[in-house]
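The values are calculated or read from the model by the stated rules, or taken from the named source; none is laboratory data. Computed from a prediction, not measured in an experiment: that's the story for all the values here. Neighbour counts run over all protein chains shown; Cβ positions are idealised from the backbone, glycine included. For the accessible areas, the whole protein counts, side chains as well, though only heavy atoms, and no ligand, DNA or RNA atoms are used. Shrake-Rupley method; radii C 1.70, N 1.55, O 1.52, S 1.80 Å.
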Amino acid sequence: MLHVAAELIRPGDVVVMAVSTDNEDGMFGELLATSYQARGARGLVIDAGCRDVRALAQMRFPAWSRAISAKGTVKATVGSVNVPVVCAGAAVNPGDVIVADDDGWW
């Protein structure tokens, strides 16, 4: 669903992604970050893992994740986009303001 979200990004968006079960696999990396950045996304908060973190830092694309993992994922599970989620224990609704720095996000 991160690929679907890329198609809906508006300039200035921060994408917040939650999962239905605990997962630390690297669901987001350099290729998706390039797509997100090209569409104007300002960052990503993901309750799962990221990969390619050196490339993300070089791109200056901020991503806050549960873990760092080279293990990729499959794209077989359907999810939802632009719906309320609970990410890292915080309720987030589409349109909420996300404030973040090197220590975390709120």
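The fraction of accessible area contributed by carbon and sulfur in region 1-84 is 50 percent, rounded to a whole number (1.4 Å probe; ligands and nucleic acids excluded). Based on DSSP loop calls and a cut-off of at most 12 other Cβ atoms within 10 Å, the longest stretch of the chain free of exposed trypsin sites (Lys or Arg not before Pro) is what? Result for the longest clean stretch: 1-59. Counting Lys and Arg as +1 and Asp and Glu as -1 over every other residue whose Cβ lies under 10 Å from the Cβ of ILE98, the net charge comes to -1. Taking label points 7 Å from Cα along the Cα-to-Cβ direction, THR21 and ARG42 give a separation of 3.5 nm.
Label point of ASP96 set 7 angstrom out along Cα-Cβ; within region 1-36, amide nitrogens under 13 Å from it belong to 14-19. Considering only Cα atoms, the convex hull volume of the chain works out to 96 Å³ per residue. A 1.4 Å probe run over region 8-74, with the rest of the protein chains in place, finds 57 Å² accessible per residue. Rounded to the nearest Hz, the phi-derived 3J(HN,Hα) couplings of region 21-34 under the Karplus curve 6.51 cos²θ - 1.76 cosθ + 1.60 (θ = phi - 60°) are 9, 4, 7, 10, 5, x, 7, 9, x, 4, 5, 5, 4, 4, where x marks glycine and proline.
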